[in-house]
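*Asks:* One structure follows; several queries about it will come next.
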């Protein structure tokens with residue numbers, strides 16, 4: 001019998017936890033009724049969790065509850081928080097993963113603390129110089145993997161090459177029927193553009209480009225991130241963080257103004273009756289909850305950070321992401337990719 | 001009598017020139033019929049320009065035509081193009097400005113060449129270490145000035161402080177009734193976030209913050225660029241370029257998908273009849289032609305670059321921008337701001 005996919009979930013992090021966490025798990029169980037290939041290891045205050053689970057009538061032998069003595073506070077600074085982090089629900093998740101009892105960890109808690117704890121417990125992969133935060137971003141043909149989204153505000157060319165290997169492996173694990181096409185984010189598409197770091201990384205990526213690894217497509221500009229020609233976008237954590245948040249802000253600005261326009265008078269409000277289903281489909285496609293979950297790559301095991309402010313539907317999507325990453329055998333894909341890289 | 005605002009326009013740069021340039025000028029003349037406080041100095045192939053002007057019946061004593069022997073090609077590299085740039089329409093504009101016969105220059109031609117020529121002829125202001133490209137960007141309450149959009153891919157803290165002074169002066173010249181509120185683009189809003197360069201620049205800007213200079217609001221994240229709390233956004237040219245283009249790409253992605261949703265079936269197409277005027281207003285607000293024109297700051301005179309691919313309406317908006325910049329006395333505002341900066 002094949003080993004079950006085992007997901008460690010921190011039940012106590014983020015706004016409105018553990019309620020949204022448990023409701024998110026319920027959505028996941030409902031969606032995957034027919035499957036029997038996973039188990040969820042839930043860490044938090046046992047009594048509260050049991051009460052809540054009983055209340056919504058969710059008891060299932062696919063969920064195991066582990067009691068944790070304390071909780072990482074959402075607004076504590078990483079360095080002070082880490083000192084007191086032992087035996088928190090977050091710490092226990094990662095420790096469980098290190099012990100080989102979970103394949104992946106998921107938390108909606110304090111990002112900085114999660115990154116520090118994950119790195120401390122799981123340790124970096126030997127072949128990787130810096131870890132990276134990867135995210136999903138819609139494009140015209142499907143989905144992009146974008147990294148680094150903020151783990152490292154300064155990166156050298158080796159970091160960027162590592163990110164390309166890690167990001168392509170993540171893409172292959174999530175979308176096994178598609179080819180990863182890598183691009184480096186830059187201020188122009190010509191070879192002469194950008195910093196020396198980008199030029200060196202671009203040269204290395206061109207050498208590594210191959211059918212069974214990833215196809216390197218060269219530089220990409222911000223306006224083409226969503227065009228769908230590339231699906232693995234590589235950048236340093238400063239630029240990636242600004243780009244992602246700018247896209248979020250722009251989307252919010254536009255949809256807010258659209259909504260305002262469509263409800264400002266009687267005639268335009270009538271239009272909503274006729275376009276209801278079309279607008280709903282449009283809204284669904286852009287729903288940020290579907291892209292919830294940043295993946296921490298480069299450690300000896302994957303860790304996923306859910307947005308702290310997301311609701312239960314958003315949290316459901318991050319559980320689904322964890323499931324797909326392990327189903328797609330991320331760690332083997334990473335090892336395959338890094339083997340290519342190191343043999344050049 | 002007050003001196004007239006004098007705008008030097010390169011009639012030959014960008015796609016479909018000089019037609020769109022001349023039509024853009026016609027829009028500007030029509031919109032400003034009642035004013036008599038400006039003159040346009042038009043540089044290009046005299047015969048072609050005269051023919052076109054005659055054809056659309058636009059002859060006006062507010063336009064003076066100056067013959068230029070040659071043209072800067074749109075796709076030539078700056079360093080080779082500059083050698084042959086003398087006596088081009090672009091060169092003649094900037095030279096006219098240096099000679100004190102124009103207050104500002106405008107071209108839709110080759111950006112790299114325009115930057116090099118402008119810097120070569122007009123020279124940097126003594127007080128400024130690097131020039132910057134500034135642009136306009138809509139926000140929830142009005143308009144942002146954002147810089148640098150790509151003139152310098154690497155910047156130190158002094159450059160960022162200069163950009164804040166230059167950008168605030170530009171804001172004051174364009175929106176004399178509003179106060180410039182400066183923010184530094186970063187990956188978080190807390191003091192500890194970002195690079196050492198940003199931390200030092202932030203400290204300096206806090207010292208310079210004052211009612212008659214600009215109000216420094218601290219760090220801003222990408223998702224708040226359009227929130228309207230700040231209106232002068234400062235960043236290095238790499239990040240600024242990526243952020244601007246990412247916002248453009250996101251806006252395009254969303255409006256394309258919205259259009260698709262609203263036309264995909266009969267029922268949703270009916271809705272357009274009812275929402276036509278609301279959607280038109282929405283589209284007008286986001287129309288990129290209204291934000292056409294990047295302003296080159298830090299030289300002994302302002303130069304405006306229109307998008308090369310923009311149409312005549314877009315070009316009209318960049319003429320209007322030039323007019324407003326000079327009307328608002330940009331160069332005096334810059335000198336006032338820099339005086340504050342240097343006395344700290």
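The numbers here are math on the coordinates, done by the rules we state, and not lab data. The model shown is predicted, which means the values in this text are computed figures rather than measured ones. Methodologically, a virtual Cβ is constructed for each residue, glycine included, from the backbone with ideal geometry; neighbour enumeration extends over all protein chains shown.
*Asks:* Starting from the alpha-carbon convex hull of the stretch A:129-297, give the projected area averaged over all orientations, in nm².
*Replies:* Working: hull surface 42.9 nm².
So the Cα hull casts an average projection of 10.7 nm².
*Asks:* Report the Cα centroid-to-centroid distance between the stretch B:268-333 and the stretch A:230-295 in angstrom, as an integer.
*Replies:* Here the two parts' Cα centres lie 23 Å apart.
*Asks:* For a quick check, take a GNM of chain B with Cα springs below 10 Å and name the residue from B:37, B:148, B:103 with the largest mean-square fluctuation.
*Replies:* So, out of B:37, B:148, B:103, the one fluctuating most is B:37.
*Asks:* For a quick check: sort A:244, A:338 by the number of other beta carbons within 10 angstrom, fewest at the front. Numbers along the way, then the final one.
*Replies:* Details: A:244 24, A:338 18.
Fewest-to-most Cβ neighbours within 10 Å comes out as A:338, A:244.
*Asks:* Same structure again: Per DSSP H run of n ≥ 4, the term is -39500 (n - 2.57); total these for chain B, divide by its residue number, and report the mean residue ellipticity at 222 nm rounded to 500 deg cm²/dmol. Working shown, then result.
*Replies:* On the way: 11 runs with 160 residues, N = 344.
Only helices count here, giving -15000 deg cm²/dmol.
*Asks:* Rounded, prolate or oblate: which fits the protein assembly as shown when a ≥ b ≥ c are the square roots of the eigenvalues of the alpha-carbon gyration tensor, with rounded for a/c under 1.5 and prolate only if a/b beats b/c? It would help to have the intermediate numbers written out before the result.
*Replies:* On the way: a/c = 2.07, a/b = 1.83, b/c = 1.13.
The shape class here is prolate.
*Asks:* Set the Förster distance to 25 Å, then compute FRET efficiency between residue A:227 and residue A:284 from the Cβ-Cβ distance, nearest 0.05.
*Replies:* The formula returns an efficiency of 0.75 here.
*Asks:* I would also like to ask the following. Relative to a virtual label point 7 Å from the Cα of residue B:15 in the Cα→beta-carbon direction, which members of the stretch B:293-333 show backbone nitrogen distances below 12 Å?
*Replies:* Under 12 Å, as judged by backbone N against the label point of residue B:15, lie B:307-312 of the stretch B:293-333.
*Asks:* Sticking with this one: Build a GNM of chain A with springs between Cα atoms under 10 Å: which of A:329, A:75, A:311 gets the top mean-square fluctuation?
*Replies:* Maximum fluctuation in the GNM of chain A, among the listed residues, is at A:75.
*Asks:* Pull out a ≥ b ≥ c, the square roots of the eigenvalues of the alpha-carbon gyration tensor of the stretch A:1-126, then state rounded if a/c is under 1.5, prolate if not and a/b is larger than b/c, and oblate in the remaining case.
*Replies:* oblate
*Asks:* Continuing with the same structure: With the label 7 angstrom out along Cα to Cβ, how close does residue B:260 come to the same site in each of the other copies, in nm, nearest first?
*Replies:* 2.7
*Asks:* How high is the relative contact order of chain A, in percent, with contacts defined as C-alpha pairs under 8 Å that are six or more residues apart?
*Replies:* This gives 23 percent for chain A.
*Asks:* Which distances, shortest first and in nm, link residue A:203 to the matching position in the other copies, using label points set 7 Å out along Cα to C-beta?
*Replies:* Label-point separations across copies, in nm and ascending: 3.7.
*Asks:* Which of B:163, A:266 has the fewest other C-beta atoms within 10 Å, and how do the rest follow up to the most? Walk me through the numbers on the way to the answer.
*Replies:* Numbers: B:163 35, A:266 7.
Sorted ascending by nearby Cβ count, the order is A:266, B:163.
*Asks:* Tell me, what is the FRET efficiency for residue B:76 and residue A:80 to the nearest 0.05, using R0 = 60 angstrom and their Cβ-Cβ distance as r? Intermediate values should be presented prior to the final figure.
*Replies:* Details: r = 57 Å, r/R0 = 0.95.
The formula returns an efficiency of 0.55 here.
*Asks:* One decimal, nm, shortest first: give the distances between the label point of residue A:80 and those of the same position in the other copies, each label point 7 Å from Cα along Cα→Cβ.
*Replies:* Those separations, rounded to one decimal, come out as 6.1 nm.
*Asks:* A further question on this structure: Considering only DSSP beta bridges whose two residues both sit in the stretch B:103-237, what percent are antiparallel, to the nearest 5? Walk me through the numbers before you get to the answer.
*Replies:* Values: 7 of 17 bridges.
Around 40 percent antiparallel, to the nearest 5.
*Asks:* Something else now. Which of B:258, B:160, B:321 moves the most in a Gaussian network model of chain B with Cα springs under 10 Å?
*Replies:* Looking only at B:258, B:160, B:321, the biggest GNM fluctuation is shown by B:258.
*Asks:* Given axes a ≥ b ≥ c from the Cα gyration tensor, I'd like to know whether chain A is rounded (a/c under 1.5), prolate (a/b larger than b/c) or oblate.
*Replies:* Working: a/c = 1.69, a/b = 1.11, b/c = 1.52.
Since a/c reaches 1.5 but b/c is at least a/b, the shape of chain A is classed as oblate.
*Asks:* Between residue A:210 and residue A:154, what length in nm is gained on full extension when 0.36 nm per residue of separation is reduced by their alpha carbon distance?
*Replies:* On the way: separation 56, 0.36 × 56 = 20.16 nm, distance 2.76 nm.
Difference between extended and current length: 17.4 nm.
*Asks:* Follow-up question, since we're still on this one. How big is the antiparallel share of DSSP beta bridges in chain A, given as a percent to the nearest 5? List each step's numbers first, then the result.
*Replies:* Details: 14 of 42 bridges.
Around 35 percent of the beta bridges assigned by DSSP in chain A are antiparallel ones.
*Asks:* What distance in nm separates the simple spin-label points at residue B:256 and residue B:60, each placed 7 Å from Cα in the Cβ direction?
*Replies:* Between residue B:256 and residue B:60, the label points sit 3.7 nm apart.
*Asks:* Taking each residue in B:253-260, count the Cβ atoms of any other chain within 10 Å of its Cβ, then average. What number comes out? Intermediate values should be presented prior to the final figure.
*Replies:* Details: counts 14, 11, 2, 2, 7, 10, 1, 4.
Average per residue, whole number: 6.
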